[in-house]
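Notes to accompany the following structure.
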Amino acid sequence: DGGLVTVSAGGGDGLTYAVKYVRATPETGKSITNFVLTEAGNKNLMNYNAYKNYKVEVSGKDFKVNVPSSVTPLNASFELSKGAKLFAVPANAGIAMGAAIEPADEHGVLQATNFTFAKGSKYIVADEALATRIANSATDTTVASYTQIRNNYPNNFVEYTFVNDPATASTAARFTGNLSAVDGNITGIIGGANGDEITLTVPYSYRNRKEFFLNFTTSPNAIAGVLPATVTANAAGIYRMYPDGKKKYEDDKVKAEVAAWSGGNAASANVKFRVKETIGTPNTYSLQFGPNDGDGTWYNFSAGNTAADNRLAVLAEDGITNKKYFIKEVKVADANTGAEITAAKVNGVTASVNQTAETITASVPYGTNLGQIKLELTASKMASVTIDRVVFDADKTYDLRKPAKVAVQSEKGDKTTVYTLTVKTGEQFSDVPANAWFAPYVKEAFEKGIVQGIGEGLFGPYTHITREDFAVMT
């Protein structure tokens, strides 16, 4: 503060600037919202993979929550007013405060707080001014202890006390509906006199060991998985499977986090399944599971229901009560024979599909980069789709500066339709009339890659140019 910076030219001319440091006015907010105690170690995992979450109601000066006494220490996810910090109050008010309890970082990782939610435990939310003083408590004697804070800064924090009447852990343990699959192509009907028989029906194309994840719902806070015949029914013995397994476990790229926070044991393996034709008995199928998510080992479910069989199981919140299910029958549905593209969009623009001519055509706004096109293709049920002999991926972009071949093969494999996909851009920017004096200059600049327009086929000839625009063109 007060330092000098001199800027001089080669001829000796120059200017001298004085540096002035101005501290912003501290934020005064001291509220806490979206407060949840969770088993997850990552905020992005809280609603995935059957982690138990307990919402904390912030009411007056109370933190109200009901966590069963059997639940192990939890992490905390919350949001604070800008600049505010959360601190645990020491049991001895005369000693120094600990470090602030931080919310999730930019990667969603939660601070391993092992949150103390026992009845009567206290926490404070300090505003930015007080939080800064506490952070500097080694040199700031006015905040040397909680007693000092309470005496010197009563208006800069809110104190909360946990009100937790531990509930009894639930003993409910069952699937609360039929099973399905993340892709919606599988059904698992639960029935039988004891409600423990599962009849699984898979698509025709799944008969050759195509892997899939099961989707399901369970009793509140129960976990589900495969219970090998050789282990006891408890959380450590179950090979876990998770609702919406494939989407939330792989597509959202949280697999590594799950493994890290579960210690790398069996719970980190999201059980996958596949159907296998019985050797020597054509058109008879059994279900297999792979507990270690990709290590190549697969195990069979038998059609039995004895202690010697692998079975699906649901384990209650109490960690003891469980219900076992067995696979009564595996059915393979008839093959679908459709091999058509029924709808298509190119960069969000609806394309025209001509089944007779086997063409897909679309016109996108002038200025669209045809080298990076997003496609949405809807095909006949269970049909496979390739673009220029590569499996279609809706998450990728495609180079469609030249026509592409879209091949659709029926699930049965008896029919293939090949479409020619052609994408063209408009003749000109829609807001640049052909007779405008600047039209040929805009056209030439676009063709040379100097300008690209402002999107949606617009050039914006009457809008102000920005420094950024000018820099890009230069």
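What the table below lists for this structure:
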{"quantity": "Residue within the stretch 403-412 that is without any contact (Cβ under 8 Å) to a residue 40 or more places away in the chain and among the hydrophobic types (A, V, I, L, M, F, W, C) present", "calculated": "yes"}
{"quantity": "Filter pass, Lys381 being under 30 Å from Asn336 (Cβ atoms) and at pLDDT below 95", "calculated": "yes"}
{"quantity": "Any hit, the stretch 149-169, residues being open to solvent by 40 Å² or more (accessible area, probe 1.4 Å), more than 30 Å from Ala93 (Cα to Cα) and polar (S, T, N, Q)", "calculated": "yes"}
{"quantity": "Strands (runs of 3 or more DSSP E) within the stretch 115-188 that include 1 or more residues out of contact with any Leu (no Cβ under 8 Å at 6 or more places or on another chain)", "calculated": "122-126, 157-164"}
{"quantity": "Residue tally, condition surrounded by fewer than 15 Cβ atoms within 10 Å (Cβ to Cβ) and of a type in the set (Gly, Ala, Ser), over the stretch 384-400", "calculated": "1"}
{"quantity": "Criterion (touching a residue at least 12 places away in the same chain (Cβ under 8 Å) and under 30 Å from Thr281 (Cβ atoms)) met by exactly one of Asn164, Asn215, Asn194", "calculated": "Asn215"}
{"quantity": "Matching residues in the stretch 302-319 - criterion: being modelled with pLDDT of 85 or more and in a loop (DSSP other than H, G, I, E, B)", "calculated": "Ala316"}
{"quantity": "Number of positions in the stretch 200-223 that are crowded, with 17+ Cβ neighbours inside 10 Å and either of a type in the set (Asp, Glu) or within 16 Å of Phe301 (Cα to Cα) (or both)", "calculated": "6"}
{"quantity": "Members of the stretch 350-376 found to be open to solvent by 30 Å² or more (accessible area, probe 1.4 Å) and under 27 Å from the mean Cα position of the chain (by Cα), listed by number", "calculated": "Gln372, Lys374, Glu376"}
{"quantity": "Flag if Lys405 is in a strand (DSSP E or B) and open to solvent by 80 Å² or more (accessible area, probe 1.4 Å)", "calculated": "yes"}
{"quantity": "Unmet criterion (only one of (1) assigned to a helix (DSSP H, G or I); (2) modelled with pLDDT under 90) for Tyr441", "calculated": "(2)"}
{"quantity": "Tally, over the stretch 105-129, of residues that are at pLDDT below 85 and of a type in the set (Ser, Thr, Tyr)", "calculated": "2"}
{"quantity": "Filter pass, Lys119 being open to solvent by less than 60 Å² (accessible area, probe 1.4 Å) and basic (Lys, Arg)", "calculated": "no"}
{"quantity": "Matching residues, the stretch 338-373, being β-branched (Val, Ile, Thr) and not in a strand (DSSP E or B)", "calculated": "Thr356, Thr368"}
{"quantity": "Selection count where residues are assigned to a helix (DSSP H, G or I), of a type in the set (D, E, K, R) and open to solvent by 100 Å² or more (accessible area, probe 1.4 Å), scope the stretch 454-474", "calculated": "2"}
{"quantity": "Flag for Lys424 being in contact (Cβ under 8 Å) with a residue 60 or more places away in the chain, open to solvent by 20 Å² or more (accessible area, probe 1.4 Å), in a loop (DSSP other than H, G, I, E, B) and at negative phi", "calculated": "no"}
{"quantity": "Verdict on Thr176 being under 32 Å from the mean Cα position of the chain (by Cα) and touching a residue at least 24 places away in the same chain (Cβ under 8 Å)", "calculated": "yes"}
{"quantity": "Hey, Phe429 in a helix (DSSP H, G or I), at pLDDT below 90 and surrounded by 13 or more Cβ atoms within 10 Å (Cβ to Cβ) or not", "calculated": "no"}
{"quantity": "Residue tally, condition open to solvent by less than 30 Å² (accessible area, probe 1.4 Å) and within 18 Å of Glu79 (Cα to Cα), over the stretch 125-148", "calculated": "5"}
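Condition check ((1) more than 25 Å from Ala169 (Cβ to Cβ); (2) surrounded by 14 or more Cβ atoms within 10 Å (Cβ to Cβ)) across all residues:
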position	(1), (2)
Val19	yes, no
Leu45	no, yes
Pro68	no, yes
Leu74	no, yes
Phe78	no, yes
Ala100	yes, yes
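The values are calculated or read from the model by the stated rules, or taken from the named source; none is laboratory data. Just so we're clear, the structure is a prediction, and the values are computed from it rather than from any experiment. Counting neighbours? That spans all protein chains shown, and the Cβs are built from the backbone with ideal geometry, glycine included. Areas reflect the complete protein model, heavy atoms only, side chains present, ligands, DNA and RNA absent. Shrake-Rupley method; radii C 1.70, N 1.55, O 1.52, S 1.80 Å.
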